[in-house]
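Written out below as structure tokens is the structure these notes cover.
Bear in mind that the values in this text are calculations on the coordinates, not laboratory data. This structure is a prediction, so every number in the text was calculated from the model and none was measured. Here Cβ is always computed from backbone atoms with ideal geometry, including for glycine, and neighbour counts include all displayed protein chains.
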Amino acid sequence: MSRQDKLITPAAISSSDGLDVDSMLGVNIRLRLTEVADREAELLRVTARRPPHAKQLRQLAKKIYDARRLRDCMMEEKLFGEPGWDMLLALYHLPALGHMLTVSSLCYCSGVPQTTALRWQKVLESDGLIERVPHETDGRMKYMRLTDQGRALMDSYLSRLFDCDASPRSTTSFVQRLGFS
């Protein structure tokens, strides 16, 4: 027997039951609210999202970086400029592909002149987001990498972007609708 079958209508209440109409309506409302809460809990359980794993976040960073490079090819580069962001995206996804970035290669990844890129590297270093590490064999070369703080910042941002549409009605994320996953 379902809960709906157990609902009592005011017409079915007799004065001999000892319950008034308001009490019975209160019971009915509580039963319906419990049913609604149960359905919502089930919906949340079924549509719960797991946090994206590291590979998905790196793929998202790569797609963002690649889209920015495509935009630069198709439009005048002077219109846009976020070399610091380009460097963070490159440092986030390229090392996982086996590409260690030197100071010079990171300048190239930013898409701006080397002097501008070097200034941005200093800003990112002073903010504690990137760091220079020595090359294993060549003491003159330095590799660039994200600091733990920089990686945590990128993980957090990309995770939020990955699941930015958290409405329970939608089963696809914003990123999936854009074709990034």
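Brief remarks on what is shown
- Residue-span extension gain [Leu97 to Asp66] - 0.36 nm each, minus C-alpha spacing: 9.7 nm
- When Leu153, Leu60 are arranged by Cβ crowding within 10 Å, least crowded first, meaning fewest neighbours, the order is Leu153, Leu60.
- For q = 0.22 Å⁻¹, Debye-computed log10 I/I(0) when each Cα of the range 103-163 counts as one equal scatterer: -0.95
- Counting 0.36 nm for each residue step from Thr115 to Glu42 and taking away their Cα separation leaves a gain of 20.7 nm.
- Per-residue Cβ neighbour counts within 10 Å put Tyr65, Tyr108 in the sequence Tyr108, Tyr65, beginning with the fewest.
- Translational diffusion coefficient of the range 54-177 (Stokes-Einstein, Kirkwood radius from Cα pairs, 20 °C, 1.002 mPa s): 138 µm²/s.
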